[in-house]
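Please read the structure below before turning to the comments.
The values are calculated or read from the model by the stated rules, or taken from the named source; none is laboratory data. Being a predicted model, the structure only gives us computed values, none of them experimental. Cβ: placed from backbone, ideal geometry, glycine included. Neighbour counts: every protein chain shown. Surface areas here come from the heavy atoms of the whole protein model, side chains and all, with no ligands, DNA or RNA. Shrake-Rupley method; radii C 1.70, N 1.55, O 1.52, S 1.80 Å.
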Amino acid sequence: MPAEKKSILTVDDRTRRRNKAENRFRLLGKAAVAFGIVALIGLLTSIMANGLSSFQQTYVTLNVYLDPAKLDKAGNRNPADIAKVTTFGYAPLIEQAMAKAIEEKGLAAEGLNAKAAGALISKEAAADLRRFVIADPSVIGQTYPFDFLAGGRIDGYYKGRVTMESAALDRNVSPEQLVLADQLKEAGILVTKFNWSFFTAPDASDTRPEAAGLGVAIIGSAYMMLIVLVLSLPLGVATSIYLEEFAPQNWFTDLIEVNIANLAAVPSIVYGILGLAVLINFVGLPQSAPIVGGLVLTLMTLPTIIIATRSALKAVPPSIRDAALGVGASKMQSIFHHVLPLAMPGILTGAIIGLARALGETAPLLLIGMVAFVKEYPAGPPDGFFQPASALPVQVYNWTQRGDPAFVERASGAIIVLLVFLILMNLIAIILRRRFERRW
């Protein structure tokens, strides 16, 4: 019997199975995308919920009398003698100012003595007051208004971390202090406002989480990114131009290309081990210095920039090179006057993505000592490159290791700052690519 003829318009069993398989694959793809979006939203929601409160801080405004009997017993306004007064000499002045404010406003500090009432203020307040007096000894003997940081538990009370029930079990705060804090808030002495010091202040000790800031970490990250940009971009572009346009095709260049591809996949902690062994132990560069972190991140970023730059150069049509050579340009002129400008969007995109990756790296910086507690700001370049500093991702790691819940809030806030920097860098990459993009 002759074979039955089938119409191409008739859907047979095989076609139906193929269509079902295609639909299943589409559903799986959509489910994977949806799962990724839900996970990202959950992550961002968690970070925002924990970190947005770090951009607000509770302050106590007091008029402090700078008593000469305590700050300058000799009465000669000698800076050397005034500097000998420690923060323990300034703490009673803050307690007296708090007691006076309570008395003037007619507040009831039941069950609290002057020291307990003064404990509502951060321990950093005495240090701030001491720095103010040392900077200008002529203020001694006068009364000045100051905005002091409230203690970490008081600040946490207005952010939902501390309650009356938890305060009853906490040796660092009592329910009576929280009641007094509410009274001070109603009187306008205690206020919650935007926390600029979160971006400018250095790190603080475990007992002063409310004073901890990102100042040193931001400067350290900026110094390292400056070093990475200055070293990796010209080296990476020059290497790519040589390998793509000038290098002969032989076993040596093949070996170089294979190693560049392998280096791009090496875990970042390996570069940290290299920096520790070579730059610190052998060369003798200082630990926890931006110069070491910058060099390590440069080595880590170079393969990414080289691969991106070579891809951008390959994307330029050969006709551009041929046309330039045909009108009498040299090979060097054809590359730098025609090919390189057309490849610039891809080069800039690869460089900024490499810098963004370097900005978020933590593992190599831990091995070179940048996890150390750094209180002092580094100097300006170039001296600051060789002084101790921290970095944004390391600061996040450091704060998550501390027990006080206020540091967890600070760590989430630092993650938000880091994400903002990364988003801005990626936006810059998109804008530059659109700005320099040319059609051919």
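Below is a table of values for the structure above.
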item: Residue that is within 30 Å of MET344 (Cβ to Cβ) and open to solvent by 60 Å² or more (accessible area, probe 1.4 Å), where the choices are VAL237, VAL228, VAL258; result: VAL258
item: Any hit, the stretch 127-150, residues being of a type in the set (A, V, I, L, M) and farther than 30 Å from ARG77 by Cβ; result: yes
item: Neighbours by Cβ (under 6 Å, 6+ apart or cross-chain): first from the stretch 140-156, touching a residue at least 40 places away in the same chain (Cβ under 8 Å); second open to solvent by 20 Å² or more (accessible area, probe 1.4 Å) and in a helix (DSSP H, G or I); result: ILE140/PRO68; GLY141/PRO68
item: Some residue of the stretch 421-434 being among the polar types (S, T, N, Q) and touching a Phe, Trp or Tyr at 6+ places or on another chain (Cβ under 8 Å); result: no
item: THR200, sole failed condition from (1) over 22 Å from ASP383 (Cβ atoms); (2) without any contact (Cβ under 8 Å) to a residue 24 or more places away in the chain; result: (1)
item: For ALA265: the one exception among (1) of a type in the set (A, V, I, L, M, F, W, C); (2) surrounded by 13 or more Cβ atoms within 10 Å (Cβ to Cβ); (3) closer than 28 Å to ALA414 by Cα; result: (2)
item: Where a residue in the stretch 33-54 is under 19 Å from PRO209 (Cα atoms) and its partner, wherever it lies, is among the charged types (D, E, K, R), with Cβ under 7 Å and at least six apart; result: ASN50/GLU409; GLY51/GLU409; SER53/LYS159; SER53/GLU409; SER54/GLU409; SER54/ARG410
item: Where a residue in the stretch 250-263 is closer than 15 Å to ARG310 by Cα and its partner, wherever it lies, is in a helix (DSSP H, G or I) and open to solvent by less than 60 Å² (accessible area, probe 1.4 Å), with Cβ under 8 Å and at least six apart; result: THR253/LEU243; ILE256/LEU243; GLU257/LEU243; ILE260/PRO303; ILE260/ILE306; ALA261/PRO303
item: Residue, most open to solvent (accessible area, probe 1.4 Å), within the stretch 159-195, restricted to residues that are among the charged types (D, E, K, R) and free of Cβ contacts under 8 Å to residues at least 40 places away in the same chain; result: ARG171
item: Condition broken by GLN401, with the remaining ones in (1) surrounded by 14 or more Cβ atoms within 10 Å (Cβ to Cβ); (2) out of contact with any Ser or Thr (no Cβ under 8 Å at 6 or more places or on another chain) satisfied; result: (1)
item: Restricting the stretch 410-435 to residues that are open to solvent by 80 Å² or more (accessible area, probe 1.4 Å) and more than 19 Å from ALA358 (Cα to Cα), the residue that is modelled with the highest pLDDT; result: ILE431
item: Qualifying positions in the stretch 134-157 - buried (at least 22 other Cβ atoms within 10 Å of the Cβ) and aliphatic (A, V, I, L, M); result: LEU149, ALA150, ILE154
item: Qualifying residue in the stretch 325-346 (condition: among the hydrophobic types (A, V, I, L, M, F, W, C), closer than 22 Å to SER46 by Cβ, touching a residue at least 24 places away in the same chain (Cβ under 8 Å) and surrounded by 16 or more Cβ atoms within 10 Å (Cβ to Cβ)); result: no
item: Filter result (open to solvent by 20 Å² or more (accessible area, probe 1.4 Å) and of a type in the set (Val, Ile, Thr)) within the stretch 350-395; result: ILE352, ILE353, THR362, VAL371
item: For PHE436: the one exception among (1) over 23 Å from GLY215 (Cα atoms); (2) within 19 Å of the chain's Cα centre (by Cα); result: (2)
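Residue by residue, here is whether (1) at pLDDT 90 or above; (2) surrounded by 11 or more Cβ atoms within 10 Å (Cβ to Cβ); (3) out of contact with any Phe, Trp or Tyr (no Cβ under 9 Å at 6 or more places or on another chain); (4) assigned to a helix (DSSP H, G or I) holds:
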site	(1), (2), (3), (4)
LYS6	no, no, yes, no
THR10	no, no, yes, no
ARG16	no, no, yes, yes
PHE25	yes, no, yes, yes
VAL33	yes, no, yes, yes
ILE82	no, yes, yes, yes
ALA91	no, yes, yes, yes
LEU107	no, yes, yes, no
